[in-house]
Amino acid sequence: MPRDAIAVRCLERRHSGSKIRKAGRRTDDHGRQWQRYECILASGHAHKFQVLVGGAEVPIVLTSPSPACPAHPGSDIVRNGSYGTLVKKQRYRCTTGTGTVHYFTLNLPREYIGQSEVHCPDCEELIGVNRGTQASSRRAKWPVRAVLEALNELSIGVSYAQSSLNVLEKTGHAERHALSHRGSASPDRRPMTSSAADGADVWHLSADLLEQYGPVLYDDVIATIRDQEHIQRLANDSDRAKMLTPTENRATSAN
């Protein structure tokens with residue numbers, strides 16, 4: 001590869017083979033260097049993206065493919081800010097082939113990453129700008145993962161209080177909760193072990209999640225069980241009828 005060749009490629013799958021050229025640098029408020037690039041397609045359409053530059057001038061790619069527009073497959077999608085207050089979620093702008101522009105969010109939107117340095121709590125890798133934590137609905141602040149784990153904990157006997165505290169811990173609200181109730185949380189370190197009083201304040205969180213999401217999981221199961229019980233009841237009644245005498249059968253039919 002020539003020395004002046006650019007190793008970074010646009011991660012939009014539709015832009016494979018496009019021309020990439022540098023478009024300047026910027027330094028954010030934390031002193032980190034960001035290299036800007038311009039992706040130019042064969043059609044002449046262009047868009048820009050940026051990557052974080054490491055200490056050895058090695059690009060750390062934080063970009064990831066944008067989701068497709070549900071209404072316009074194949075259109076050009078770029079991030080377009082966020083919505084929400086307590087938990088910000090990513091919004092997108094769609095530009096169709098005819099130049100029509102509209103804005104959309106996903107049915108299960110992801111947390112807004114922006115240009116912040118956000119790490120996955122499990123693997124400690126940097127999170128791509130389109131790969132924030134997935135929410136359980138457009139307006140809900142609880143991630144899908146936290147909701148599923150809460151329902152699973154309740155199913156194995158974890159208390160409502162403890163399950164609720166676990167949800168807060170997973171979604172980053174535990175610090176704010178402890179700060180508002182005890183005034184003892186530090187914003188730059190993880191909260192200490194929760195007290196029973198904390199659980200008493202938030203036990204209803206898991207109860208609300210169970211009421212909201214539980215039927216989605218068990219309604220079909222209950223319907224299947226009831227159908228099986230009905231079939232078995234008919235079979236039992238048939239077997240019982242075969243064992244009864246004619247007199248008993250007439251008495252049973254009369255009842």
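With label points built 7 Å along Cα→Cβ from the Cα atoms of Tyr218 and Ile40, find their separation and express it in nm.
6.1
What FRET efficiency, computed as 1/(1 + (r/R0)^6) with R0 = 51 Å and r the Cβ-Cβ distance, is obtained for Asp239 and Glu149, rounded to the nearest 0.05?
Here the calculated transfer efficiency is 0.70.
If you stretched the chain out fully between His204 and Thr98, how much longer would it get, using 0.36 nm times the residue separation minus the C-alpha to C-alpha distance?
Details: separation 106, 0.36 × 106 = 38.16 nm, distance 4.99 nm.
So the extension gain works out to 33.2 nm.
Since every read-out is calculated from the coordinates, none of them should be taken as a lab result. A quick note: this is a predicted structure, and the numbers were derived from the prediction, not measured. Virtual Cβ from ideal backbone geometry, glycine too; neighbours counted across all protein chains shown.
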